[in-house]
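Each remark here refers to the structure printed beneath this line.
The values are calculated or read from the model by the stated rules, or taken from the named source; none is laboratory data. Everything quoted here is computed from the prediction, not taken from an experiment. As a convention, Cβ positions derive from the backbone with ideal geometry for all residues, glycine included, and neighbour counts pool all protein chains shown.
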């Protein structure tokens, strides 16, 4: 197996980033309901497991998961989410890539674990709430969504704490990885899609 990237590798990254990000964006729309703020990463981890696990069937070379995550982070940056999602996407993708590399991109359990680590990039969205002591961030939200929404969102998002957010994100990744793996086995493999 050659370690050189081919055009089909880059095309696979592009196609699956689109599928992943559309699914991710649909899950994140639940954030407009303040109650769901604290479980967004759980829901998005579960939903996005399907396109990501299918993507992993195409990945056999080091760096493609890192490229995938970096593109997701750049999309978030360009959509106005700030630099934190980009930073967490690069870090989570790198760790995910290393997990897959150690297992030679073949083991089901490490693929699921690598996806769970990858989903930790979602924490970049909520980190602003934990790291920002200034009211600049919340003032901008109040202008866009109103002060009642912001106070409800902060109540639900900050009450569980950062550790619960990390846990729900990771658990969502495990569940999404398992779901994605079984859907791949049941439907996509029979249809001849994936490795």
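Count, please, the residues in region 21-56 that happen to be modelled with pLDDT of 90 or more and touching a helix residue (DSSP H, G or I) at 6+ places or on another chain (Cβ under 8 Å).
Qualifying residue count for the region: 20.
Quick check on my filter: what residues within region 103-151 are in a helix (DSSP H, G or I), modelled with pLDDT of 85 or more and more than 20 Å from residue 76 (Cβ to Cβ)?
108, 109, 110, 111, 112, 113, 114
Could you tell me which of the residues 44, 81, 96 is buried (at least 21 other Cβ atoms within 10 Å of the Cβ) and within 22 Å of residue 131 (Cβ to Cβ)?
After applying the criteria, what remains is 44.
Taking region 99-128 on its own, how many of its residues are crowded, with 23+ Cβ neighbours inside 10 Å and out of contact with any helix residue (DSSP H, G or I) (no Cβ under 8 Å at 6 or more places or on another chain)?
0
Would you check if residue 99 is at pLDDT below 95 and part of a helix (DSSP H, G or I)? Talk me through it step by step, then tell me what you get.
Details: at pLDDT below 95: no; part of a helix (DSSP H, G or I): yes.
No; evaluated as a whole, the condition is false for this residue.
Which condition breaks for residue 57 when tested against (1) buried (at least 20 other Cβ atoms within 10 Å of the Cβ); (2) more than 24 Å from residue 162 (Cβ to Cβ)?
(1)
Is region 42-55 home to any residue that is farther than 18 Å from residue 181 by Cα and either touching a strand residue (DSSP E or B) at 6+ places or on another chain (Cβ under 9 Å) or in contact (Cβ under 8 Å) with a residue 40 or more places away in the chain (or both)?
Step one: filter region 42-55 for residues farther than 18 Å from residue 181 by Cα, giving none.
Taking every residue of region 42-55 in turn, none turns out to be farther than 18 Å from residue 181 by Cα and either touching a strand residue (DSSP E or B) at 6+ places or on another chain (Cβ under 9 Å) or in contact (Cβ under 8 Å) with a residue 40 or more places away in the chain (or both).
I'd like the full set of residues that are under 26 Å from residue 154 (Cβ atoms), touching a residue at least 12 places away in the same chain (Cβ under 8 Å) and surrounded by fewer than 18 Cβ atoms within 10 Å (Cβ to Cβ), limited to region 1-27.
26
For residues that are part of a helix (DSSP H, G or I) and more than 14 Å from the chain's Cα centre (by Cα), tally how many sit in region 78-96. If you could, list the steps in order and put the result at the bottom.
Within region 78-96, the first condition is being part of a helix (DSSP H, G or I), and the residues that meet it are 78, 84-96.
Now narrow it down to the ones that are more than 14 Å from the chain's Cα centre (by Cα): 78.
Number satisfying all stated conditions: 1.
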